[in-house]
Structures are given as structure tokens and as C-alpha cells.
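Single-structure report; data block below.
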Amino acid sequence: MKKEPIKALIIVEMIGRPKEHLEETLKEYVKKICSEKGVRLVNEKVHEPKKIERKKEDKGEADNKKETKIEAELFSTFAEIEFEADDINVLMRIVVFYMPSHIEILSPDRLELENLDLNGFFNEVIRKMHDYDSITKSIVMENKMMKEKFQHIINNIRRPALKTEENVLKDETKDKAGEEKTVEKSDNIKPKKQKNKKD
């Protein structure tokens, strides 16, 4: 028996800049979703990007101007995509891979799930989680290596400076020691007694 297709509505949100690039990227993203196997587009609506405005705390006039300029270049937009999926596995795949911000199943009112459907869904979720875990570990490792290299560079920069300071201290110590020896020698020198010449 052929299963009834599942009609759903999802919302995909994006933030970025510039405005034209963001709008074009979202349209391409919608096309990619609708080109998935087992998906048939019913209706789509891409909303016009809007500028993001946030209230900033006073941090000085210069900082405020810089932050305002950055904020003025950020835009947000979203798309509403209504589509039909051949079965629950297709719908679950869309949710896992494209991570919409909202989903609503329009029809049918009741869904029957089989073990195979759940197996496929959970395997997709597990695979995705492993991918994220691998990426996270890779980033942590790269960050650790960069910190070690940075610390190595800092140590190499500081080492000549420390040697220079040590040399200065040694020179000062030698100078002081020389002065002390000179003083000791001058103290030990006794004036010679002059002999009276006989007439």
C-alpha cells in the first residue's frame, strides 16, 4: 500500500551581509532543499532582508561609531517553504541536514511509524552528531596547536630580551666588584716614610 505524502512547512533563517548576497544565498539554499530526492515544492516565499538594529551600551564615542557601522552591515532574512515529502524518512532527512528554525506538518493528521522509519532517522541523527563531534575535536586540536606555537614564538621573542637584561646586570655587578677592589687596594696602600737626608 502506497503511503500518503507528507505535506510540511518549514522556515529557514539566515543572517549575513551584504544584503544582495544574503538574499541570493537563501534562494540557492531553498533550491537545494527542494532538489532533494522525494521532495516536491508546493510553495515558497523568500522575505526581503532587513537590517539588524541592536541597542549598544555607551563605551565611548569612537567605539559606538565603529560598532554602529558594523551593525548597519548585518541583515537577517527568512524563507517559508511548503513542500511534500514521500515519507517520514525524507522529512526527517530534511530536518537533520538543513536544520530549519521551525517546522509544521500540515497533513496528514495522523502518521504511522515503523521500526525501519525510526532506525533510519536515528542513524541519520547519530551520523550527524559524529560529524559535529569530529569537527569540534579537530577545531579544539588546531586551537591547542596554535596556542603552543604562539607561546613558542613569545618565548623566542622574550629570550633575547632576558639575556640582554642578564648581561647588563652582570656588567653592573662586575663594575661594582671592580670599584670595591680598587677601594680596598687604595685603603691597603700606606704612605712611605721619607728619610731625612744627613747634611
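Derivation of every value follows stated rules applied to the coordinates shown; laboratory data play no part. What you see is a predicted model; the values in this text were computed from it and never measured. Don't worry about glycine lacking a Cβ; one is built from the backbone with ideal geometry, like all the others, and counts go over all protein chains shown.
Summary table below
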{"item": "Contour minus Cα-Cα distance for Ser138 and Tyr98 (0.36 nm per residue)", "result": "12.2 nm"}
{"item": "Gain upon complete extension [Ile105, Asn123; 0.36 nm per residue less C-alpha separation]", "result": "4.3 nm"}
{"item": "Links that overshoot a 18 Å alpha carbon limit, given the list Lys19/Lys50; Lys27/Lys128; Lys3/Lys32", "result": "Lys27/Lys128; Lys3/Lys32"}
{"item": "Ile15 paired with Lys37, simple spin-label distance in nm, labels 7 Å along Cα-to-beta-carbon", "result": "3.6"}
{"item": "Local electrostatic count at Ile11 - Lys and Arg +1, Asp and Glu -1, tallied over other residues with Cβ under 9 Å", "result": "-3"}
{"item": "Radius 11 Å from Cβ of Glu82, net charge of other residues (Lys, Arg +1; Asp, Glu -1)", "result": "-1"}
{"item": "Within-12-Å neighbourhood charge of Lys31 [Cβ basis; K, R +1; D, E -1]", "result": "-2"}
